[in-house]
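First the structure, in the form of structure tokens, and then the observations on it.
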């Protein structure tokens, strides 16, 4: 083959040596005046070139570049032709011998003759396809390879199972030990998942700290066995002599029955793992059509609720449940609760729409609307009622506490309606107490500076303990209905309730017993020292008009 038109014998030998030094890097040398280029043998094989010598070089190489990327490539060459820069450094997609487009990086240097015309150009092209196949942190296959592998199996109508494994508390590892250590944990976890597993399985690093396990011809039984094995592997996870506690949730799909297309299958396995996270189950959750219907309903609900909020909270309304004075039997205050009436979604309760408000951030404007509605009725009744309410209670979620303007908003509404700040009680739900106590205290301080009362709701659930009462400056503690019901159980449970109430009374905290459903419970908690009572024994949540005529007028 005649290389004389491009390089001399010495340069040709040097080119051959460089060409054999890497199977991912392809070398070239071009005579720009003759529009001729020599490419290494690896490039000829990988890109399916006609020969090592291309002439015309620009057309033969350019026709293999992805049409969307060709303008970038051409612009870079025009810069070299105009001597803007003699250096070439460009990434684009290139069609290989198999007809697939892969990402490459082309680097080179241009020389010019005495007249400033392009003369000789040489450099190398690096195949970045490998970078897209192997995750550098875990050394597992990437999400791009996952898509390709699944598409190939679906095209061939093959059967199998995919398990999406999501690490549920991995952020804490990064926060506590740093990202470098976190990468080591991910590497170890990936290899633990594969270690001792079925031979016909492949593992992929998906987004973030998620992994996908592909089991060819896998069944439900295979998936269950693999998850049990992985659970055991996670029990003894030592990285750099540290025992690391990492939990995971798993969602599984079977193909082709759970998805005939890659996007459908990936969507369904995400739905399955979301159900695993939300349900709190420790076993793997298999996708069902009911999950898909539920997911679709939630998406429709989100759109409907967003439209409602944007239209001045249309279809939202409040109800009020009385809070009774344990000694006088009179209605002392009420809890303002949010409800939603939609013609398209009849019967949708707070257990369904409140999480949507929180996940979309819409709880912030809606929460302000609830405060204003409650204060509006309180002002109206102050002017017309013979038994004005002492206070109104409004629930506050963790997300609302992050709104730095909420305290100012509440204070402004109190001034507008001429209501004493202490008559507004903000109830902190259990979710508010998750996280750093100093962050919570900082959020609450502004409300307290305005004189707004604070109540701890759901006390006795989740993270609640007597230590919380020491740390959080609460005016009222509302003992959760599940604890209140327990007074009908053993003597030990009854004494525990008495201990909490006694402690609160000793330190000047008012106690409200929630979930009082009958006279027996009412008598027990009243005798134990509860000041306020709330529950269906007295009344259900009522519309403002019903509440007014029954408890205020």
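Just the residues that are over 21 Å from residue 160 (Cβ atoms) and touching a helix residue (DSSP H, G or I) at 6+ places or on another chain (Cβ under 8 Å), please, taken from the stretch 209-241. Hits for the stretch 209-241 are 209, 233, 234, 237, 239, 240.
Return yes when residue 323 is more than 19 Å from the chain's Cα centre (by Cα), buried (at least 16 other Cβ atoms within 10 Å of the Cβ) and outside the structural domain of residue 407 (by TED's automatic domain parsing) and no when it is not.
On the way: more than 19 Å from the chain's Cα centre (by Cα): yes; buried (at least 16 other Cβ atoms within 10 Å of the Cβ): yes; outside the structural domain of residue 407 (by TED's automatic domain parsing): no.
Here the answer is no, as residue 323 does not meet what is asked.
For the residues 325, 311, the requirement of being out of contact with any helix residue (DSSP H, G or I) (no Cβ under 6 Å at 6 or more places or on another chain) and touching a residue at least 60 places away in the same chain (Cβ under 8 Å) singles out 325.
Among all residues of the stretch 235-246, there is none that is outside the structural domain of residue 340 (by TED's automatic domain parsing), within 30 Å of residue 151 (Cβ to Cβ), surrounded by 14 or more Cβ atoms within 10 Å (Cβ to Cβ) and at pLDDT below 95.
Strands (runs of 3 or more DSSP E) fully within the stretch 21-120 that include at least 1 residues being touching a residue at least 12 places away in the same chain (Cβ under 8 Å) and within 22 Å of residue 134 (Cβ to Cβ): 25-31, 87-95, 101-112. Among the residues of the stretch 499-509, those that are surrounded by fewer than 17 Cβ atoms within 10 Å (Cβ to Cβ) and touching a residue at least 12 places away in the same chain (Cβ under 8 Å) comprise 502, 503, 505, 507.
Answer yes or no as to whether residue 347 is without any contact (Cβ under 8 Å) to a residue 12 or more places away in the chain, in the same structural domain as residue 402 (by TED's automatic domain parsing) and surrounded by fewer than 19 Cβ atoms within 10 Å (Cβ to Cβ). Let's see the steps before the verdict.
Working: without any contact (Cβ under 8 Å) to a residue 12 or more places away in the chain: yes; in the same structural domain as residue 402 (by TED's automatic domain parsing): yes; surrounded by fewer than 19 Cβ atoms within 10 Å (Cβ to Cβ): yes.
It is true that residue 347 is without any contact (Cβ under 8 Å) to a residue 12 or more places away in the chain, in the same structural domain as residue 402 (by TED's automatic domain parsing) and surrounded by fewer than 19 Cβ atoms within 10 Å (Cβ to Cβ).
Here is a yes/no grid of residues against (1) touching a helix residue (DSSP H, G or I) at 6+ places or on another chain (Cβ under 7 Å); (2) part of a helix (DSSP H, G or I); (3) surrounded by 12 or more Cβ atoms within 10 Å (Cβ to Cβ); (4) at pLDDT 90 or above:
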residue: 154; (1), (2), (3), (4): yes, yes, yes, yes
residue: 157; (1), (2), (3), (4): no, no, no, yes
residue: 164; (1), (2), (3), (4): yes, no, yes, yes
residue: 173; (1), (2), (3), (4): yes, yes, yes, no
residue: 176; (1), (2), (3), (4): no, yes, no, no
residue: 186; (1), (2), (3), (4): no, yes, yes, yes
residue: 189; (1), (2), (3), (4): no, yes, yes, yes
residue: 196; (1), (2), (3), (4): yes, no, no, no
residue: 207; (1), (2), (3), (4): yes, no, no, no
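For the stretch 110-129, a residue qualifies if it is loosely packed, with under 14 Cβ neighbours inside 10 Å and either in the same structural domain as residue 190 (by TED's automatic domain parsing) or touching a strand residue (DSSP E or B) at 6+ places or on another chain (Cβ under 7 Å) (or both), and the qualifying residues are 111, 113. I need the full set of residues from the stretch 275-300 which are within 19 Å of residue 361 (Cα to Cα) and crowded, with 19+ Cβ neighbours inside 10 Å, in order please. Once the filter is applied, which keeps residues that are within 19 Å of residue 361 (Cα to Cα) and crowded, with 19+ Cβ neighbours inside 10 Å, the stretch 275-300 yields nothing.
Here residue 492 clears all of (1) touching a residue at least 40 places away in the same chain (Cβ under 8 Å); (2) over 22 Å from residue 396 (Cα atoms); (3) not in a loop (DSSP other than H, G, I, E, B) except the condition numbered (1).
Among the residues making up the stretch 483-513, those that are under 15 Å from residue 469 (Cα atoms), at pLDDT 85 or above and within 41 Å of the chain's Cα centre (by Cα) are 499, 500, 501, 503, 504, 507, 508, 509, 510, 511, 512. Restricting 76, 16 to residues that are assigned by TED's automatic domain parsing to the domain that holds residue 126, surrounded by 12 or more Cβ atoms within 10 Å (Cβ to Cβ) and modelled with pLDDT under 85 narrows the list to 16.
The values are calculated or read from the model by the stated rules, or taken from the named source; none is laboratory data. Bear in mind the structure is a predicted one, so any value in this text is a computation, not a measurement. All Cβ positions, even for glycine, are placed from backbone atoms using ideal geometry, and neighbour counts span all protein chains on display.
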